[in-house]
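For reference, the structure is listed below as structure tokens.
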Amino acid sequence: MSATSQPPASQRTTDGPAQSSGPAGVKTGTAELVSWKAGIGLGLLAVLGVILFGFLANTKTAGFRIAEARDPNASTAAAWVTLVVALAAAAYLGYLWTNRRRTGAAVGRWIPATTVAAVVVLGLAALGVARVEKIALPSMALGWICSVLLLAMAAYACFLTLPHRRIPGWLGGVFAVVFLIGFMVWIVAGGRDAEPSISLGGLMAGAVTLAVPLVFGSLSGVLCERVGVVNIAIEGQLLLGAFSAAVVATVTGNVYLGLVSAAVAGGLVSLVLAVVSIKYLVNQIIVGVVLNVLISGLTSFLFSTLLTADPQHLNKPGRLEPVDIPFLVDIPVIGPILFRQSLVGYLMYVAVIVVYVGLFHTKWGLRVRAVGEHPQAADTVGINVNRTRFRNVLMGGAVAGIGGSFFTLVSVDAFSKDMSGGRGYIALAAMIFGRWNPIGAFLAALLFGFADNLQSIITIIGSPVPSQFMAMLPYALTVIAVAGLVGRSRPPAASGIPYVKG
Amino acid sequence: MSEKTTPEPAAQARKHATDPAGPPKAAQSPSGADAADAVLDTAESDVVLDAAGGQIPPSAVPAATQRRNLDGGASVLRQIFAGNAMVSVLSVLLAIVLGGILMAVTNPKVAATAGYFFALPGDLLTEVFRPYTALVQGSIFNWAGADLAAQLYPITETLTVATPLICAGLGVALAFRAGLFNIGAQGQIIFGALFGAYAGFAWHLPVGLHLVVVILAGLVGGAIWGGVVGLLKARTGAHEVIVTIMLNYIANFLLLFLLTTPAFQRRGSTNPISPFLDSSALFPGLLGPQFRLHAGFIVAILATAFVWWLLNRSTIGFEFRAVGANPSAARTAGINVSRSTIVVMAIAGALAGLAGIAQVSGTEKYLSGGVAASIGFDAITVALLGRSTPWGTFFAGLLFGAFRAGGVAMQAQTQTPIDIVLVIQSLIVLFIAAPPLVRAIFGLNPRKKKSTRGSTAASTAGGVKSGAAA
């Protein structure tokens with residue numbers, strides 16, 4: 001059993017160094033100032049890992065249930081098809097990767113990423129085909145294995161830093177994966193039961209669900225910041241979106257109208273942001289903060305006066321039920337996670353792809369980014385800077401508004417005070433974590449959703465770590481990320497600066 | 001203040017190099033304008049981009065431009081009406097009117113009385129004004145009170161509520177002046193309260209000394225949490241807005257965690273609350289036991305005076321303002337920008353920590369998860385309303401304290417949710433931040449007629465008119 005679970009991780013750990021260390025070393029062979037920050041950071045984390053996973057480990061086994069994630073009726077055929085497709089994809093990508101490397105052509109960033117994804121899917125499909133119900137891992141043994149690996153990688157990072165060679169990017173990624181595996185095993189094994197276990201599928205599905213509003217919020221942030229407007233008002237956009245979705249859906253009795261009204265409401269908040277900051281040149285951060293307070297006060301006031309007085313007619317929206325995508329939902333483990341979503345969930349995927357393609361592969365995106373990086377240059381070539389900004393900010397608001405509707409139409413079917421609960425700020429963090437890139441923001445939001453869900457799950461099974469520290473994790477991660485341990489991220493150059501023609 | 005052995009050349013160089021940033025500011029600014037500069041420059045102060053950098057000289061500040069425009073032959077009357085003070089007053093008025101409309105629309109009784117408005121207009125008007133009357137009664141003077149003490153109780157309540165708002169607001173304002181946007185007052189308050197409360201209930205010291213130790217502990221706590229932000233900003237360039245937001249959450253969870261540990265949790269209690277602070281660790285009451293007003297208010301006044309002195313009379317404060325106005329120029333002038341950033345955030349944190357002390361040692365008397373309430377966020381609006389000047393912040397704190405105190409009475413008397421106060425507060429700040437908007441609403445915009453002159457002057461005035469003219 002444990003052998004079957006390993007492929008994804010071990011695959012990555014073994015093929016990573018073999019394939020990518022060479023050129024990384026060649027590229028940075030020249031003397032260059034490389035800071036010790038990464039080496040020291042990894043070293044500290046490795047020591048933390050050794051203490052937690054090694055010395056503090058217990059003798060229990062950590063169980064990861066897979067059976068629930070798979071629909072009992074799901075056909076094995078789907079698993080087999082997935083297996084074959086994933087195998088083909090992994091093989092083709094691997095071939096492409098090595099081939100390009102050999103011929104010296106540029107390897108796009110997407111090739112390693114998709115290869116890894118294909119390998120993961122392959123592993124999961126194999127689990128599905130083999131009808132694995134549960135993976136049980138001995139925490140002590142695995143904890144020490146992870147500790148040793150972490151220490152080795154930290155040592156390697158220091159070893160590279162010594163002759164001023166840059167630390168390759170994969171090292172951080174592999175380190176993170178090993179740390180995560182060790183952490184998961186340790187924390188699950190620390191549960192109350194004799195044989196503690198958690199449902200892997202439940203964990204992932206919950207993570208995606210919790211991430212939906214974050215993804216929409218961070219996309220809103222990306223749309224605004226890429227055009228040079230700081231959007232702190234995401235929180236307000238989410239909240240007003242949630243409020244208006246609830247009220248409109250109840251009044252009209254149509255959930256889809258609620259969804260549309262949420263987008264309009266988010267756009268409305270953006271309109272104020274745009275008018276005050278672009279037209280009247282008020283500092284964008286100030287407007288954002290003030291708008292958040294305003295929306296919080298406004299919705300709370302209306303909730304206390306109108307909605308609580310007559311919840312039947314004002315605050316009882318229907319639900320957007322989850323819809324299965326045929327066939328795809330049968331893919332083991334990931335199928336139900338990704339392809340059993342509500343309309344809002346599917347819109348999320350669409351939005352991420354549209355924003356990504358729009359920003360980086362269309363004329364419109366080029367203009368938007370030009371305005372965000374160097375508005376004066378954009379102006380000289382005939383782009384109307386402020387109109388572009390206005391339009392993008394409105395679009396961002398609409399996107400965040402749809403994210404807000406998730407609260408009232410999908411997760412809970414009624415509005416309550418301040419129900420966005422600071423997620424707008426986390427979305428902001430996800431955007432920065434994702435380096436102002438829609439895909440990055442999406443992944444960062446997933447990570448936050450994962451941490452959030454993990455926290456609530458291990459509170460149930462009982463854990464060695466106080467739940468407050470688990471809850472703290474995403475925020476601490478963000479601080480570390482922003483402080484540059486993960487890599488320096490650079491905002492669009494003109495972000496936050498009003499443009500005045502002249 | 002911190003002039004070292006060779007002050008002469010250094011100070012000289014400093015003066016010269018900051019001059020480029022200096023003159024335009026001096027030319028246009030009565031108090032408000034440079035505060036607004038600091039705020040405006042905040043966002044991406046260290047982005048050195050010629051295009052964008054050239055576009056935000058102080059002339060892009062609305063508060064400043066309006067003044068410049070008026071210089072050319074506008075009448076005195078107009079100057080009064082369109083001046084800063086008038087805009088502030090109009091903003092408050094507008095926000096109150098909008099809040100009133102919101103309350104009237106959502107109040108079923110108003111709808112009922114509106115039915116016979118023409119027969120008995122008085123009824124509708126009393127119904128519309130009732131929440132505001134309750135607000136005034138709850139915050140300034142209760143004319144229905146039985147005796148003088150009861151009549152004066154509301155104003156003391158206002159001062160009590162305003163105390164932490166003023167302290168935290170000063171912290172935010174000080175950071176503004178140095179070009180930093182400190183959203184982290186919430187976390188800094190929590191840390192100040194955490195340290196101060198621990199010193200208050202765990203150590204048993206003699207009367208007098210104990211309170212001093214508690215205050216110092218609170219200052220240190222806040223300074224640590226603020227200093228971390230400054231350190232990260234200075235060393236790694238992390239954006240302080242994000243870092244402070246995240247540190248707020250971290251501080252909150254840390255507080256919740258600590259309140260479940262034996263060191264902080266009250267013995268015999270299952271709730272996450274700390275033991276009561278020793279009576280020697282509490283601020284003494286100012287007007288006797290029937291009022292909640294405590295000596296923390298005096299401390300808040302002293303803190304305001306201190307910040308005024310720091311900003312306007314000390315070398316280090318001059319450095320803060322120089323860094324806030326133009327970090328590159330400040331660096332050229334030999335000011336250590338990194339050190340300034342760290343120090344100003346530490347002081348800002350300490351001021352917020354003082355607000356935490358005002359909570360645990362003044363009103364709450366113990367530590368709980370909600371010790372910081374929403375003071376940290378209100379403090380931002382307080383500082384903005386006060387235009388980041390110490391005394392402006394002080395009076396803004398008083399105003400918001402009155403709103404808070406009165407809001408509670410209003411909710412009790414008229415069942416109007418206190419959330420309306422948030423709406424009014426944020427509207428006030430929004431309007432005050434955008435004077436052209438207010439003047440456009442009241443039809444006071446002087447630019448409409450003079451568009452031709454405006455366009456010629458646009459090049460020098462940064463072209464704000466083209467963007468701002470309604």
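The values are calculated or read from the model by the stated rules, or taken from the named source; none is laboratory data. The shown structure was predicted, so the numbers you read here are calculated from the model rather than taken from an experiment. Glycine also receives a Cβ, built like all others from the backbone with ideal geometry; neighbour counts cover every protein chain displayed. Note: accessible area is taken over every heavy atom of the protein model, side chains too, but ligands, DNA and RNA are not part of it. Shrake-Rupley method; radii C 1.70, N 1.55, O 1.52, S 1.80 Å.
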Worksheet item: Would region B:381-400 turn up any residue that is over 21 Å from the mean Cα position of the chain (by Cα) and surrounded by 24 or more Cβ atoms within 10 Å (Cβ to Cβ)?
Response: no
Practice prompt. Inspect all residues belonging to region A:430-452 and state whether any of them is touching an Asp or Glu at 6+ places or on another chain (Cβ under 9 Å), open to solvent by 40 Å² or more (accessible area, probe 1.4 Å) and either of a type in the set (Ser, Thr, Tyr) or within 29 Å of A:Phe179 (Cβ to Cβ) (or both).
Written response: no
Worksheet item: Taking region B:290-338 as the search range and keeping residues that are over 28 Å from B:Ala238 (Cβ atoms) and among the polar types (S, T, N, Q), which one is most open to solvent (accessible area, probe 1.4 Å)?
Response: B:Gln290
Discussion item. Going residue by residue through region A:322-340, is there one that turns out to be buried (at least 24 other Cβ atoms within 10 Å of the Cβ) and without any contact (Cβ under 8 Å) to a residue 60 or more places away in the chain?
Written reply: no
Discussion item. Could you check region B:233-264 and list, in sequence order, the residues that are of a type in the set (Lys, Arg) and more than 9 Å from chain A (Cβ to nearest Cβ)?
Written reply: B:Lys233
Item to complete: With the condition kept exactly as written, say whether any residue in region B:265-280 is at the interface with chain A (Cβ under 9 Å from one of its Cβ atoms) and on the phi > 0 side of the Ramachandran plot.
Response: no
Worksheet item: Quick one: what pairs do we get from region A:429-450, first residue polar (S, T, N, Q), second open to solvent by 40 Å² or more (accessible area, probe 1.4 Å), C-beta under 8 Å, 6+ apart or different chains?
Response: A:Asn437/A:Tyr356
Discussion item. Kindly evaluate A:Leu180 against the criterion of being on the phi < 0 side of the Ramachandran plot, open to solvent by 60 Å² or more (accessible area, probe 1.4 Å) and under 27 Å from the mean Cα position of the chain (by Cα).
Written reply: yes
Discussion item. Under 24 Å from the mean Cα position of the chain (by Cα) and part of a helix (DSSP H, G or I): is that true of A:Gly266 in this structure?
Written reply: yes
Worksheet item: What pairs can you find where one residue is in region A:180-203 and hydroxyl-bearing (Ser, Thr, Tyr), the other is assigned to a helix (DSSP H, G or I), and their Cβ atoms are less than 6 Å apart, with a gap of 6+ or different chains?
Response: A:Ser199/A:Glu68
Practice prompt. Determine which single condition A:Val227 fails, assuming it passes every other condition in (1) of a type outside the set (Gly, Ala, Ser); (2) out of contact with any Lys or Arg (no Cβ under 7 Å at 6 or more places or on another chain); (3) outside any helix (DSSP H, G or I).
Written response: (2)
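Please indicate, with yes or no, whether at least one residue in region A:139-160 is more than 19 Å from the chain's Cα centre (by Cα) and closer than 29 Å to A:Ala351 by Cα.
Kept after step one, since they are more than 19 Å from the chain's Cα centre (by Cα), are these residues of region A:139-160: A:139-160.
From what is left, the residues that are closer than 29 Å to A:Ala351 by Cα are none.
Looking through region A:139-160, none of the residues is more than 19 Å from the chain's Cα centre (by Cα) and closer than 29 Å to A:Ala351 by Cα.
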Response to the item:
Expected single match for buried (at least 24 other Cβ atoms within 10 Å of the Cβ), within 14 Å of chain A (Cβ to nearest Cβ) and of a type outside the set (Lys, Arg) among B:Ile428, B:Ile347, B:Ile357, B:Ile418 is B:Ile428
Worksheet item: Of all residues in region A:96-154, which are part of a helix (DSSP H, G or I), over 29 Å from A:Ser197 (Cβ atoms) and in contact with a helix residue (DSSP H, G or I) (Cβ under 8 Å, 6 or more places away or on another chain)?
Response: A:Leu96, A:Trp97, A:Thr98, A:Arg100, A:Arg101, A:Ile111, A:Pro112, A:Thr114, A:Thr115, A:Ala154
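Which residue out of B:Ala355, B:Ala346, B:Ala300, B:Ala329 is more than 30 Å from B:Val92 (Cβ to Cβ), of a type in the set (Gly, Ala, Ser) and at pLDDT 95 or above? Spell out how you get there, then give the answer.
On the way: B:Ala355 fails: more than 30 Å from B:Val92 (Cβ to Cβ); B:Ala300 fails: more than 30 Å from B:Val92 (Cβ to Cβ); B:Ala329 fails: at pLDDT 95 or above.
That would be B:Ala346, the only listed residue that is more than 30 Å from B:Val92 (Cβ to Cβ), of a type in the set (Gly, Ala, Ser) and at pLDDT 95 or above.
Name the residue, out of B:Gly221, B:Gly230, that is within 24 Å of the chain's Cα centre (by Cα), part of a helix (DSSP H, G or I) and more than 14 Å from chain A (Cβ to nearest Cβ). Steps first, please.
Numbers: B:Gly230 fails: more than 14 Å from chain A (Cβ to nearest Cβ).
Selected residue: B:Gly221, the only one of B:Gly221, B:Gly230 that is within 24 Å of the chain's Cα centre (by Cα), part of a helix (DSSP H, G or I) and more than 14 Å from chain A (Cβ to nearest Cβ).
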